[in-house]
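Participant: Here you go, one structure.
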Amino acid sequence: MRGKAVVVGYWRDVKYSVHVLLGAAEKHELLKEADFYLVPLDNLLNTVNELKVKYSRIAYIQTLLTTDLLTKHRKITEINKKLRDLGVVSIAGGPHATGDPFGTVISLGFKYAFLGEAEDALPQIIELGFNERDPSSVTGVFYLDSGKFVFRGRGFTSDLDKYPPFSPRLGLFNPIEITRGCLHSCSFCQVSYIHTVRTRHRSVENITFWCRYLLNRKIKDLRFITPDALSYRDPGTGQSFVELLTELNNLRRLGGRVYFGTFPSEIRPERIDREVARFLKTHVDNERVNIGAQSGSDELLKKIKRGHSSEDVLNALEALRSAGLTAEVDYIIGLPDETLEDKQLTIEHMRKVISMGGKIRIHYFIPLPGTPYALRNPSEVPQWLRIELMKLIGSGKARGNWLSQERAVRELLRLRGEGVILLTSDRARSVLSGSSRNA
Ligand code: SF4
């Protein structure tokens, strides 16, 4: 018996991150050193047991979103307990592990949490999983050593071009990430806190290379991931954005369909003026773009550090309309500190957007670990607002899963209360010392 296997938990919500990780594994030539298995959580233990016959070393790697805990935390905890008994090392990364490493290690039972971005550190992470490396030598790793927490900084990928945006060898594709990190640090959003405010951009050459690669694989729809589609490289002048879209436009002649400023990469409203809107209209295939408004209240926009006004959203809509484009505008209901007046202003803003031909997408505030709002609770959504929102959805002018998100947040708050999510080190220590599960 010989050889090594890496078992990766794989499901819909984490698949893009897994593809990116596998792209980095390919770049580091790790696929030659170990076999990678992508496995749904329900099959994970069976798979490990089967692989144990064939491989001398097995590691379990998991990328996790906080919302995954809603349906998976018990299963994950059970898996980690059994893997410990089998001598298999488990490592979690991704937004949840970065935002709540204490809960990841103590409550979910991973041996290591990896904080930040994993591409550069991937060879060391895999060695750690095979028990071939001292954890104190790996930047980004968090663990317990003789009852003490050890932090080893955060992983940071400085050059996106170094890695493919997905896994070409395994044929696992996803939208191409063109920018990572965000300058804006909105209080509710994990992007600036996990990926930092140091923005990094894939080069135009690299983006078009991978777009051509997709076209050669008969994948015609070209989609992109970025925190702000118009902030590509030099948001001040917009020159690089023009250069990028000009190159992408050339790919449309080869049959490519370019989707830009649409899901999963929205546009900040203050970036859109008539000139930009006209340029977009002639260079992309989407008729609609997504704009982040979040609230109709300027006071609240200031509190959540959005860095734009409610008026900016209406101006963007007007510019898009003049170019023949429409917009879907995102709002978050239940933000902390949202007063009744803020809520009223938001509903009025939504009505204005609809009167200008826009559509509405409604989200509910989620207190995400790692953000300034991690320990905040949502503000109450009064009955009159619920009725207004349901009317908008019923009329087809708005959509959004805010009600199921509201239910999910209730459950996340319960997990926080139970210590499955351990947002402060005091609470983590308290649980560790066994004093209380509800510390
Ligand atoms: S909400 Fe958008 S603009 Fe704000 S920090 Fe997140 S990615 Fe950046």
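The values are calculated or read from the model by the stated rules, or taken from the named source; none is laboratory data. Everything numeric in this text was worked out from a predicted model, so none of it was measured. Backbone-built Cβ (ideal geometry, glycine too); neighbour counts: all protein chains shown.
Participant: Output the helices (runs of 4 or more DSSP H) that fall wholly within region 288-389 and possess 2 or more residues being within 16 Å of the ligand (Cβ to nearest atom) and either out of contact with any Pro (no Cβ under 7 Å at 6 or more places or on another chain) or within 19 Å of Trp402 (Cα to Cα) (or both), or say none.
Facilitator: Numbers: elements: 298-303, 310-322, 340-355.
Output list reads 298-303.
Participant: Out of Pro175, Pro164, Pro227, report the one residue that is at negative phi and more than 16 Å from the ligand (Cβ to nearest atom). Can you show your working first?
Facilitator: Details: Pro175 fails: more than 16 Å from the ligand (Cβ to nearest atom); Pro227 fails: more than 16 Å from the ligand (Cβ to nearest atom).
Among Pro175, Pro164, Pro227, only Pro164 is at negative phi and more than 16 Å from the ligand (Cβ to nearest atom).
Participant: Please work out which one of (1) without any contact (Cβ under 8 Å) to a residue 24 or more places away in the chain; (2) crowded, with 16+ Cβ neighbours inside 10 Å is the condition Trp384 fails and give its number.
Facilitator: In the conditions (1) without any contact (Cβ under 8 Å) to a residue 24 or more places away in the chain; (2) crowded, with 16+ Cβ neighbours inside 10 Å, Trp384 misses (2) alone.
Participant: Name the single residue, out of those in region 205-224 being outside any helix (DSSP H, G or I) and either away from the ligand (no atom under 16 Å from the Cβ) or over 28 Å from Leu65 (Cα atoms) (or both), that is nearest to the chain's Cα centre (by Cα). Walk me through it before giving the result.
Facilitator: First, pick out the residues of region 205-224 that are outside any helix (DSSP H, G or I): 217-224.
Still in the running and either away from the ligand (no atom under 16 Å from the Cβ) or over 28 Å from Leu65 (Cα atoms) (or both): 217-223.
On the way: Arg217: 26, Lys218: 27, Ile219: 23, Lys220: 24, Asp221: 21, Leu222: 19, Arg223: 16 Å.
Among residues in region 205-224 that are outside any helix (DSSP H, G or I) and either away from the ligand (no atom under 16 Å from the Cβ) or over 28 Å from Leu65 (Cα atoms) (or both), the one nearest to the chain's Cα centre (by Cα) is Arg223.
Participant: Still on this model: Taking region 205-246 only, how many residues are closer than 25 Å to Ala316 by Cβ, surrounded by 15 or more Cβ atoms within 10 Å (Cβ to Cβ) and out of contact with any Phe, Trp or Tyr (no Cβ under 9 Å at 6 or more places or on another chain)?
Facilitator: Residues that pass the stated criteria total 2.
Participant: Another question, if that's okay. Just checking, does region 266-287 include any residue being within 15 Å of the ligand (Cβ to nearest atom) and surrounded by fewer than 21 Cβ atoms within 10 Å (Cβ to Cβ)? Steps first, answer last, please.
Facilitator: Step one: filter region 266-287 for residues within 15 Å of the ligand (Cβ to nearest atom), giving 266-272.
The next check asks that each one be surrounded by fewer than 21 Cβ atoms within 10 Å (Cβ to Cβ); those that pass are 270-271.
Yes; the residues of region 266-287 include at least one that is within 15 Å of the ligand (Cβ to nearest atom) and surrounded by fewer than 21 Cβ atoms within 10 Å (Cβ to Cβ).
Participant: Residue by residue through region 182-204, note down the ones that are away from the ligand (no atom under 16 Å from the Cβ), surrounded by fewer than 20 Cβ atoms within 10 Å (Cβ to Cβ) and either assigned to a loop (DSSP other than H, G, I, E, B) or without any contact (Cβ under 8 Å) to a residue 24 or more places away in the chain (or both). Can you show your working first?
Facilitator: Let us first name the residues in region 182-204 that are away from the ligand (no atom under 16 Å from the Cβ), namely 202-204.
With the extra rule that they be surrounded by fewer than 20 Cβ atoms within 10 Å (Cβ to Cβ), the set shrinks to 203-204.
Matches in region 182-204: Ser203 only.
Participant: Filter region 390-420 down to the residues that are basic (Lys, Arg) and either touching a Cys at 6+ places or on another chain (Cβ under 9 Å) or not in a helix (DSSP H, G or I) (or both), then identify the one that is surrounded by the fewest Cβ atoms within 10 Å (Cβ to Cβ).
Facilitator: Per the stated criteria, the residue is Arg399.
Participant: Would you pick out the residues in region 229-261 that are part of a loop (DSSP other than H, G, I, E, B) and over 15 Å from Val276 (Cα atoms)? Spell out how you get there, then give the answer.
Facilitator: Keep residues of region 229-261 that are part of a loop (DSSP other than H, G, I, E, B), which gives 229-238, 253-256, 259-261.
Result: Arg233, Arg253, Leu254, Gly255, Gly256, Tyr259.
Participant: Let me ask something else. Are there strands (runs of 3 or more DSSP E) fully within region 23-94 with at least 3 residues that are under 28 Å from Trp210 (Cα atoms)? List them. Explain how you work it out, then say what you get.
Facilitator: Details: elements: 35-39, 57-63, 89-93.
Strands (runs of 3 or more DSSP E) meeting the threshold: 35-39, 57-63.
Participant: Now for a separate question. State which residue pairs qualify: first residue assigned by TED's automatic domain parsing to the domain that holds Ser355 and modelled with pLDDT of 95 or more and inside region 306-318, second residue within 13 Å of the ligand (Cβ to nearest atom) and assigned to a loop (DSSP other than H, G, I, E, B) in any location, beta carbons under 7 Å apart, and separation of 6 or more residues or different chains.
Facilitator: Qualifying pairs under 7 Å: Arg306/Cys186; Gly307/His184; His308/Arg268.
Participant: On to the next question. Identify, by number, the condition in (1) among the β-branched types (Val, Ile, Thr); (2) closer than 14 Å to Ala327 by Cα; (3) within 14 Å of the ligand (Cβ to nearest atom) that Thr262 doesn't meet.
Facilitator: All conditions are met except number (3).
Participant: Any chance you could count how many residues in region 1-22 are in a loop (DSSP other than H, G, I, E, B) and either touching a residue at least 60 places away in the same chain (Cβ under 8 Å) or surrounded by fewer than 19 Cβ atoms within 10 Å (Cβ to Cβ) (or both)?
Facilitator: Summing the residues that are in a loop (DSSP other than H, G, I, E, B) and either touching a residue at least 60 places away in the same chain (Cβ under 8 Å) or surrounded by fewer than 19 Cβ atoms within 10 Å (Cβ to Cβ) (or both) in region 1-22 gives 4.
Participant: Taking the stated definitions as given, is Ile207 within 16 Å of Pro164 (Cα to Cα), touching a residue at least 24 places away in the same chain (Cβ under 8 Å) and not acidic (Asp, Glu)?
Facilitator: Numbers: within 16 Å of Pro164 (Cα to Cα): yes; touching a residue at least 24 places away in the same chain (Cβ under 8 Å): yes; not acidic (Asp, Glu): yes.
Yes, satisfied.
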